[in-house]
Amino acid sequence: NQEGSPLEPILFDELGLVPKAKAQQYHAHFSNMMQAAFNLSCARHLADQPDISLREALTQVGWPSTMQQTPIERTLEFFVVDWDFEFPAEQVSLFNYFSVGHADSWREACNDFALFHPAKRPILVR
């Protein structure tokens with residue numbers, strides 16, 4: 001299932017169903033990486049820095065590159081990024097990923113970030 005879903009995280013690997021506690025750890029880790037990428041997006045917007053790809057943002061916050069991912073990491077990324085956007089993270093704009101709706105929607109989404117992080121630095125969640 002997808003990040004943020006109220007359903008239990010369900011994952012399968014080469015041995016079958018991943019135990020619930022382990023699946024929750026995998027989902028929580030990827031969710032933390034996506035939150036860190038969001039924080040990076042806000043920090044870049046607030047600092048008037050140029051856009052980067054979602055892949056670059058994920059790499060900067062500690063998510064492994066495609067070639068270094070485990071099969072489960074790749075599966076989580078595929079269903080959250082590739083599936084939803086119909087493109088891999090390398091082809092997804094960091095600003096557009098978190099600016100759904102209209103051009104300035106990032107201002108509303110990043111408002112709490114700016115209030116709680118006045119130094120405009122990304123908070124890396126690991």
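Hey, could you check the stretch 92-106 for residues that are outside any loop (DSSP other than H, G, I, E, B) and either closer than 25 Å to residue 24 by Cβ or touching a helix residue (DSSP H, G or I) at 6+ places or on another chain (Cβ under 8 Å) (or both) and say which is modelled with the highest pLDDT? This residue is 93. For the condition out of contact with any Lys or Arg (no Cβ under 6 Å at 6 or more places or on another chain), modelled with pLDDT under 65 and of a type in the set (S, T, N, Q), residue 65 does not qualify.
Rundown of residues vs (1) under 23 Å from residue 95 (Cα atoms); (2) open to solvent by less than 50 Å² (accessible area, probe 1.4 Å); (3) hydrophobic (A, V, I, L, M, F, W, C); (4) assigned to a loop (DSSP other than H, G, I, E, B), yes/no style:
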site: 21; (1), (2), (3), (4): no, no, yes, no
site: 25; (1), (2), (3), (4): no, no, no, no
site: 29; (1), (2), (3), (4): yes, no, no, no
site: 33; (1), (2), (3), (4): yes, yes, yes, no
site: 51; (1), (2), (3), (4): yes, no, no, yes
site: 58; (1), (2), (3), (4): yes, yes, yes, no
site: 77; (1), (2), (3), (4): yes, yes, no, no
site: 82; (1), (2), (3), (4): yes, yes, no, no
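The set of residues from the stretch 54-91 being touching a residue at least 24 places away in the same chain (Cβ under 8 Å), over 10 Å from residue 37 (Cα atoms) and small (Gly, Ala, Ser) comprises just one member, 89. Being surrounded by 13 or more Cβ atoms within 10 Å (Cβ to Cβ), over 11 Å from the mean Cα position of the chain (by Cα) and more than 19 Å from residue 27 (Cβ to Cβ) is a property that does not hold for residue 64.
The values are calculated or read from the model by the stated rules, or taken from the named source; none is laboratory data. Because the structure is predicted, anything quoted here is derived from the model rather than measured. Cβ coordinates were reconstructed from backbone atoms using ideal geometry, including for glycine residues, and neighbour counts include every protein chain displayed. Accessible surface areas use protein heavy atoms only, side chains included; no ligands, DNA or RNA. Shrake-Rupley method; radii C 1.70, N 1.55, O 1.52, S 1.80 Å.
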